[in-house]
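Following: one structure in C-alpha cells, then a few remarks.
The values are calculated or read from the model by the stated rules, or taken from the named source; none is laboratory data. Predicted model, so just to flag it, every value in this text is computed and none were measured. Cβ: placed from backbone, ideal geometry, glycine included. Neighbour counts: every protein chain shown. Note: accessible area is taken over every heavy atom of the protein model, side chains too, but ligands, DNA and RNA are not part of it. Shrake-Rupley method; radii C 1.70, N 1.55, O 1.52, S 1.80 Å.
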Amino acid sequence: MALEVAAEDWHHRFAAGALTVVLGRNGAGKSSLCRAIAGLPSPMVCRVLLDGRDLAGVSARKRDVAIVFQAFVNYPSLTVRDNIASPLVAARRPRDEIANRVGELAARLGLDELLERRPSALSGGQQQRLAIARALAKGARILLLDEPFANLDYKLREQLARELRGLTLASGTTVIYTTADPHEALALGDDTLLLDAARAIQRGPPFEIYRAPRSFAAADLFSDPGVNRLPRRTAVVRPDHVRLDERPGDLRFAGRVLLGETNGSETVLHLEVDSETWVARVDRLHECATDATVDLFVAPADVLEVSDG
C-alpha cells in the first residue's frame, strides 16, 4: 500500500508499516496536510493518491483513514467502553471480537479502570488517550495523529509513544504523526518530512536530517531552542553544542550576556555574538551577570554548513 501526496512544488510517499513524522512549527501546514489526506476541508492544495488511485471526490467517510487531532473529540453520551467500541460496532464486527479489542486497547492505553465512565469524568489526558484508542479501534490503513500528545505530560507522552508503535506498525498501518517537537521526531520517526509555510523543505530519516540539514530552516526546526547563526558565515551551531570550557581545536566566540536562566542542572544563556542573538545550553549552574562578556567555544565538527534559505 502506498499513500502519496503531491502538492504544487513537492511530492512525498508515505510508507506502509512506517511512522512518518511531519515536523513543523505552528502555521507550517501540518493540520492542513492531515485534513487533505482525510478528505476534510483544507487550505492545502494537493493530490492524495492511495495505491495510485486519486482520492479526489472520495468523501471523508469513504476513506480508509482514522484521525486524531490535538483538539480531541469523544462522544459525550457514551461510556469509555462504548466510545472505543463505536467504530467496531459501526463495522458490525462480532461481539466477542469487539470485547477483546476494546479490552486490549483500554489496557494498553491505561483506560481499563475507566471503562464505565463518560468523557466528562475524565482528565484532559485521559480523554486524549480515549480519542487515540477509538481511532486505533477503527483499524484504518492510514492513521493520522495531529500533535496527539501535546496536552500530555512528558512521561505519559513517552509511554504512549512506545505503545503506539507496537499497536500500529506491526499491522502495516501507514502512520503520519505531526509535531513541532524535534525530540519526538528523533524518538519516533522512521521517516521525517519537514514543513515550512506548507512547503516540504527536507525529508529523510530523522537522524540523517539532524546530522546534515540542508538549509537554515531545516536546521532550526531540528533544534530546541533554535540554532545560532555564526557571524559572517552560512553556518549554524545548536545551543547544546556551545560550551563555556575550551578544548583543543575549538572555535572561540565572544558573547555579551543578555539573560541567564537555570533550573539547577543546566544554565541557558541568551547572548549577543557579533550582532547575532545566540542561545547556549550548558551543563550545571553558571553565574553570568547581565552585560558580562564571556568566551564561548564550539567544536568545528559541531558547525553545520547550510544554505541561507
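Among the trypsin sites (Lys or Arg not before Pro) in region 226-309, those placed in a DSSP loop whose Cβ has at most 11 other Cβ atoms within 10 Å are Arg232, Arg233, Arg284. At the listed q of 0.14 Å⁻¹, the Debye profile of region 1-138, built from one uniform point per Cα, gives log10 I(q)/I(0) equal to -0.76. Contact order for the chain, expressed relative to its length and based on alpha carbon pairs under 8 Å spaced 6+ residues apart, stands at 18 percent. Helical content alone sets the calculated 222 nm signal of the chain at -8000 deg cm²/dmol, taking -39,500 (n - 2.57) per DSSP H segment of four or more residues and averaging over every residue. Close amide H contacts of Gln202 (hydrogens built in the peptide plane, cut-off under 5 Å, sequence separation of 5 or more or a different chain): Leu194. Helix 80-90 and the longest principal axis of the Cα set of the chain meet at an angle near 60°. Could you tell me how many degrees, from 0 to 90 and to the nearest 10, lie between the Cα long axis of helix 95-108 and the main elongation axis, the longest principal axis, of the Cα atoms of the chain? The answer is roughly 20 degrees. The accessible surface of the chain, taken with every protein chain in place and a 1.4 Å probe, is 48 percent carbon and sulfur.
Mean projected area of the Cα convex hull of the chain, taken over all directions, amounts to 18.5 nm². State whether region 234-300 is rounded, prolate or oblate according to the following rule on the C-alpha gyration tensor (a ≥ b ≥ c being the square roots of its eigenvalues): a/c under 1.5 gives rounded; otherwise a/b larger than b/c gives prolate, and the remaining case gives oblate. Judged from the Cα gyration tensor, region 234-300 comes out oblate (a/c at least 1.5, b/c at or above a/b). For region 26-129, applying the loop criterion from DSSP together with a ceiling of 16 other beta carbons within 10 Å to the trypsin sites (Lys or Arg not before Pro) yields Arg92, Arg117. Compared with the dominant principal axis of the Cα atoms in the chain, helix 124-137 is inclined by about 60°. The residues of the chain present an accessible area of 49 Å² per residue when probed at 1.4 Å with all protein chains retained.
Within region 46-123, the GluC sites (Glu not before Pro) that combine a DSSP coil assignment with at most 16 other C-beta atoms in a 10 angstrom radius are Glu113, Glu116. Please identify, among Asn83, Asn228, Asn263, the residue showing maximal mean-square fluctuation in a Gaussian network model of the chain using a 10 angstrom Cα cutoff. Looking only at Asn83, Asn228, Asn263, the biggest GNM fluctuation is shown by Asn263. Sequence-distant contacts, meaning Cα pairs under 8 Å at least 6 residues apart, place the relative contact order of region 1-145 at 25 percent.
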